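Worksheet for the structure shown next.
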Amino acid sequence: SVKPFPQPAQALGTVSDNSPIAIDGGSLGLSDEQLDELVGQIADEWVVGPSVKKLLLLPPDHTRLYSFAGQITAKLWRQLHEQVEIDVLPAPGTHFPMTEAQLRLMFGEEIPLARFVPHRWRDDLEELGVLPAELLDELSGGRMKSSVTVAVNRRIVSGQYDQVLSIGQVVPHEV
């Protein structure tokens with residue numbers, strides 16, 4: 001039985017109306033000051049302002065080491081961990097759980113290892129629905145003619161977190 005794919009608000013609960021936050025670092029990239037400004041803005045607008053008590057961060061893993069996601073995650077931890085309970089779920093795709101050495105390389109030493117949640121992509125998925133073949137056929141100009149099941153780590157939709165933030169290059173992809 002195929003269940004239709006729900007609208008985002010049905011699938012994920014309340015959808016924030018905050019706009020994406022971006023700072024243009026130009027051809028040289030972001031300075032440390034700009035990165036601190038960006039993290040402060042994220043913390044204020046999406047965590048402190050809405051009075052979040054439990055936060056899930058979704059950064060990529062060490063395969064995206066140079067994305068700044070590790071530094072952004074560590075800075076958010078540093079700024080918020082005394083007032084917000086934070087879990088970190090790196091690379092919720094098909095990647096293997098990160099080793100301690102990889103976690104430290106990507107995120108530094110401050111975040112306790114117990115706050116990192118490994119994503120077991122074969123066991124931890126919650127199906128959100130199915131994108132019908134007809135829709136994908138239309139959207140792809142005939143290049144995709146089969147339906148696709150959409151699933152995410154169940155922590156994202158469990159309701160146990162007040163806020164879930166995707167940091168950097170975590171994007172949906174096929175298995």
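At pLDDT 50 or above and not in a loop (DSSP other than H, G, I, E, B): does that describe Ala43? Yes. Listed by first and then second residue, the pairs with beta-carbon distance under 8 Å, at least 6 apart or on different chains, first residue in region 67-92 and of a type in the set (Lys, Arg), second open to solvent by less than 10 Å² (accessible area, probe 1.4 Å), are Lys75/Leu35; Lys75/Val39. When you scan region 62-164 for helices (runs of 4 or more DSSP H) that lie fully inside it, which ones turn up with 1 or more residues that are open to solvent by less than 20 Å² (accessible area, probe 1.4 Å), of a type in the set (A, V, I, L, M) and within 30 Å of Glu33 (Cβ to Cβ)? Ranges flagged: 69-80, 100-107.
Restricting attention to region 30-56, the residues that are among the hydroxyl-bearing types (Ser, Thr, Tyr) and within 17 Å of the chain's Cα centre (by Cα) total 0.
The values are calculated or read from the model by the stated rules, or taken from the named source; none is laboratory data. In this text, all values refer to a predicted model and were calculated from it rather than measured experimentally. Every residue, glycine as well, gets a Cβ built from its backbone with ideal geometry; the counts of neighbours run over all protein chains shown. Accessible surface areas use protein heavy atoms only, side chains included; no ligands, DNA or RNA. Shrake-Rupley method; radii C 1.70, N 1.55, O 1.52, S 1.80 Å.
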